[in-house]
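Each value in this text was obtained by applying a stated rule to the coordinates, not by laboratory testing. No experiment lies behind these values; they were computed from the predicted model shown. Here the Cβ is made from the backbone with ideal geometry for all residues, glycine too, and neighbour counts use every protein chain on show.
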Amino acid sequence: MTSTIPNSNLCEYKPGLEGIPATESSVSHVDGINGILEYRGIRLEELAHKSSFLETAYLLIWGNLPSEQQLQDFQTEILYHRRIKYRIRDMMKCFPETGHPMDALQTSAAALGLFYSRRALDNPEYIRRAVVRLLAKIPTMVAAFHQMRRGNDAIQPNDDLDYAANFLYMLTERSPHPLAAKIFDVCLTLHAEHTINASTFSAMVTASTLTDPYAVVASAVGTLAGPLHGGANEEVLSMLDEIGSIENVAAYVDEKVAGKQKIMGFGHRVYKVKDPRANILQGLVEELFEKTGYDPYYKIALELEKVVEGKLGAKGIYPNVDFYSGLVYRKLGIPSDLFTPIFAIARVAGWLAHWKEQLNMNRIFRPTQVYTGGHNIPYIPMSER
Ligand code: ACO
């Protein structure tokens, strides 16, 4: 559905702004027809195999790969800032344990603005510190809420562990197997950035008002929480559970297609082929399962991919990033309601890259609309309604 906009050079309204450029950006590029994703011009496959999440975050945010010294300094600073203030922990203790971890994360991310409130967006040192604090503290806050909702104290970051391993440690109080930590780090790299998706757009709109970066990240977290965006991988596992066995897959797909319902983990606004991130994740799933044993859901997932491809492939409906990520996280022992917060831990890198880019060429977002209401409607007094 499209319609014309009166008194405007733009002639069409497109629901969901599909295909409408919202900005110019050099952060990342998606080729949805050929299934290619590049961060700062570098193919995702290369980064997934050769880089680490923090190096990739540096690349996204500062625009170039760091030297050895720059990377070491960045990692050391992030390690130093991983702790969160006891007042933030005290605030989090008051959150209901039944609350969703994304709501807890959004609230905690916004609360950082109370503690680091001196906004100085024209000061490069302020920008650098905000970047470090957000990358460092978001994983700690996710893990702290998870411990607290189970009645435990938050586990302090372990200075001997790197970014990914430390997060898994704070969740479980056990140092993870190096393969688990490595795979988790690659998952973070895969989720770090993806052009102007809904949460990044939300971050950019908030950034364009020149508010503080903690508000920028908090608004993006709120947007990521929805089931059509970051929340889908949680739903993929419920779906695999509901399907229950390979024999039920075809009937499940038929029922969804007949009822015009979405099958979670499939479809993408940009990709009309299999999401390149899904391909890499599937490889990781295989590697993990070969070492630690297969998950019964995996066979169902493979059959589902085959059946959906047969029925909906012509429409460009293929697995997206969320289809296999849930299986990896489940194998790593991560509860399903933490899948989207983990997505946020990774995507903070992309949000911050776009925040910085927005500040460098800022104009406040103020789109227009197609008004569909009436005019000159008389006010009806209360007594006559
Ligand atoms: N299952 C079945 N059919 C689908 C699916 C799906 N998952 N996704 C799209 N379609 C169909 C639609 O029914 C529609 O068919 P029609 O033209 O016959 O009416 C057509 O494909 C286009 O679908 P839209 O909803 O218009 O596509 P849009 O680009 O708006 O939506 C979205 C993309 C939201 C991702 C959608 O595919 C979806 O809801 N998928 C399931 C949720 C999901 O996995 N989200 C994660 C996305 S990745 C991420 O955000 C990190």
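Some observations on this one:
- With contacts taken as Cα pairs under 8 Å at a separation of at least 6 residues, the chain carries a relative contact order of 23 percent.
- When the Cα positions of SER28, GLN369, ILE183 are compared along the charge dipole of the chain, GLN369 comes out farthest toward the positive end, with charges on each C-beta of Lys, Arg, Asp and Glu.
- Sites matching chymotrypsin sites (Phe, Trp or Tyr not before Pro) across the stretch 303-385 that sit in DSSP coil, with at most 16 neighbouring C-beta atoms within 10 Å: PHE365, TYR371, TYR379
- The modelled label-to-label distance for the pair THR76/ARG385, using points 7 Å beyond Cα in the direction of Cβ, is 6.5 nm.
- Sequence-separation-based contact order of the stretch 232-331, relative, with Cα cut under 8 Å and 6+ spacing, percent: 47
- Translational diffusion of the stretch 149-240 was estimated from the Stokes-Einstein equation, with Rh taken as the Kirkwood radius over Cα pairs; at 25 °C and 0.890 mPa s the coefficient is 157 µm²/s.
- Applying a DSSP loop filter and a limit of 10 other Cβ atoms within 10 Å to the chymotrypsin sites (Phe, Trp or Tyr not before Pro) in the stretch 203-306 leaves nothing.
- Segment ASN34-GLU173, extension gain: residue separation times 0.36 nm, minus the distance between their alpha carbons: 45.8 nm
- Contact order normalised by residue count of the stretch 158-275, Cα under 8 Å, 6+ apart, percent: 13
- Among ARG363, ARG269, ARG330, ARG277, a tally of other beta-carbon atoms within 10 Å of each Cβ gives an order, fewest to most, of ARG363, ARG269, ARG330, ARG277.
- The Rg/Rh ratio of the chain, with Rg taken over Cα atoms and Rh as the Kirkwood radius over Cα pairs, comes to 0.99.
- Against the compact-protein benchmark of 2.2 N^0.38 Å, the Cα-based radius of gyration of the stretch 232-331 scales to 1.00.
- Of the DSSP H helices in the chain, those with a Cα length along their own long axis of 20 Å or more and a mean Kyte-Doolittle hydropathy reaching 0.0 comprise 101-115, 124-149, 339-360.
- Within the straight-line cut-off of under 12 Å between alpha carbons, the aspartates and glutamates reachable from LYS93 are ASP153, sequence neighbours fewer than 8 places apart in one chain being disregarded.
- Greater than 25 Å apart at Cα, pairs in LYS256/LYS306; LYS50/LYS274; LYS315/LYS356; LYS291/LYS315; LYS262/LYS356: LYS315/LYS356; LYS291/LYS315; LYS262/LYS356
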